[in-house]
1. Please specify each residue of region 146-162 satisfying the condition of being buried (at least 22 other Cβ atoms within 10 Å of the Cβ), within 12 Å of residue 118 (Cα to Cα) and in contact (Cβ under 8 Å) with a residue 60 or more places away in the chain.
2. Could you go through region 405-418 and let me know if any residue there is without any contact (Cβ under 8 Å) to a residue 24 or more places away in the chain and surrounded by fewer than 23 Cβ atoms within 10 Å (Cβ to Cβ).
3. Here are some residues: 442, 473. Which one is part of a helix (DSSP H, G or I) and not assigned by TED's automatic domain parsing to the domain that holds residue 361?
4. Does region 321-342 contain at least one residue that is touching a residue at least 60 places away in the same chain (Cβ under 8 Å), within 30 Å of residue 462 (Cα to Cα) and either buried (at least 21 other Cβ atoms within 10 Å of the Cβ) or touching a strand residue (DSSP E or B) at 6+ places or on another chain (Cβ under 7 Å) (or both)?
5. Would you be able to tell me the number of residues in region 272-284 that are over 15 Å from residue 422 (Cβ atoms) and crowded, with 24+ Cβ neighbours inside 10 Å?
6. Sort out for me the strands (runs of 3 or more DSSP E) sitting completely within region 348-438 that have 3 or more residues that are more than 20 Å from residue 317 (Cβ to Cβ).
7. State which residue is farthest from residue 265 (Cα to Cα) when the search covers only region 370-387 and only residues that are surrounded by fewer than 16 Cβ atoms within 10 Å (Cβ to Cβ) and touching a strand residue (DSSP E or B) at 6+ places or on another chain (Cβ under 8 Å).
8. Answer with yes or no whether residue 287 is modelled with pLDDT under 85 and not in a loop (DSSP other than H, G, I, E, B).
């Protein structure tokens, strides 16, 4: 059996003896968010429902997966399960993060992992620079539950076994960094080592991350974080022109499985979803990986063609078919012969065109406008719509028989707000794409830009995200990071779901403003206020208005903070502020705050 690999930074392998590791025990504030409701049979970690499972049951599941799927596919599935858990926990950690030290927010991941019973975790080293996109972390896992379950089933072996935990770390940190970060286990208890060691860094910083990245891909269609694997590979080059087929979320991988199954058949596929979710890109992928991949892929946006011309565009026209038709011209059906015809926005087709389309699908033949001869066609039709066709049928705007002809295999593509795990992947992908295209050297995203991107509702979905990142690359400085004002220029609605930690430990909504604009008088934004106070103490005035720190605003925040810190006890709050209770009550009344508190 090969010896376990030594941890980085410890060439002699004596990680325990020579390591000044930092224990990462869960703080009480985090522990207090775990609740057991015995009456209802619920366990809650903040807003996430949890389940206690026997670790041996996880071992049985692992064995069944390995024996039914094979080692590689089972490892990939388990890794993606961990990635999803890590991304979910990152959402909780993002709500708890302290804005002055992003590195503390990263510690919440290991602390949550410990709270969930996975392992005891030590930090060996951690380097983090959100704006530069730099991350390098090394951690020790002691008593890994996953390694223990694997050993119980298979004994000591030559391979690492903490697949779910490595996926968890990758998902957690990727969500925070706004770019794919890959963790690799370098030694494992399942190999006979005293403890497990993992190292994480951005995907592009690994020289040989292909295997790790492959674990985050559900299949050949979804390349996931592999967009940053090898910039010279054909897959990476292809994805630069095919940015929609990128994702690692459960919802997106489910779509990819459907597309892969459909690709080998001749079934008509109907992609449903909001504008900008990547329906055409998925249609191109379906065509590319299927038996018609060498044939033509012809697309038509039915919403972009005037109704009086849509029939000639679809079915072609014979010479003299109408005034001005001086030559015979084939339509999209004929041009797609032997390949795929993609009908986008099919829900807006007129009634007459719908009837002719139905006949073409049923009979596999068409007639050109003004023609008398039928033309046989060999075309696979793939359609897409952002309308609810069932409702369109009920409203009498869409033919019911055509609806059922198209609805052979409906595939719903989830909007970006339902697949937030994919947002960092897209951010990183588009950042590199536009850096290369424009010859820029923008390093990454600031912490608040990442938070804003993750909490924004994305009404324009992937198309909007791509546009915003392109805008950020244009406006940011070379060697600098993209910040909120480079992305959001005022017309986007921000902050509806951005939560911050209040002084009493509760969560509250925090408005996301555009940096560089002075907060309005009376605004309740202690984070922005703290930034301006720190700038003032450092002797920095900043742009016009930004360095202003109104005394009444500062006083109001101090009063609120003291009341929150003492649980509303006026006497205790007054002592914290060096005031008498009467003086505090006077200020509370002036601020319009409730004074009927304890104390």
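The values are calculated or read from the model by the stated rules, or taken from the named source; none is laboratory data. Bear in mind that the values here come from a model prediction, so they are computed numbers and not experimental data. Here the Cβ is made from the backbone with ideal geometry for all residues, glycine too, and neighbour counts use every protein chain on show.
1. Taking region 146-162 and keeping what is buried (at least 22 other Cβ atoms within 10 Å of the Cβ), we get 146-147, 149-150, 160-162.
Remaining after also requiring within 12 Å of residue 118 (Cα to Cα): 146-147, 149, 162.
Answer for region 146-162, where residues must be buried (at least 22 other Cβ atoms within 10 Å of the Cβ), within 12 Å of residue 118 (Cα to Cα) and in contact (Cβ under 8 Å) with a residue 60 or more places away in the chain: 146, 149.
2. Filtering region 405-418 for residues without any contact (Cβ under 8 Å) to a residue 24 or more places away in the chain gives none.
No, the conditions are met nowhere in region 405-418.
3. Only one candidate passes the filter, namely 473.
4. yes
5. First, the residues of region 272-284 that are over 15 Å from residue 422 (Cβ atoms): 272, 275, 279-280, 283-284.
Remaining after also requiring crowded, with 24+ Cβ neighbours inside 10 Å: 279, 283.
Of the residues in region 272-284, 2 are over 15 Å from residue 422 (Cβ atoms) and crowded, with 24+ Cβ neighbours inside 10 Å.
6. Values: elements: 365-367, 374-376, 380-385, 409-412.
Qualifying strands (runs of 3 or more DSSP E): 380-385, 409-412.
7. 370
8. no
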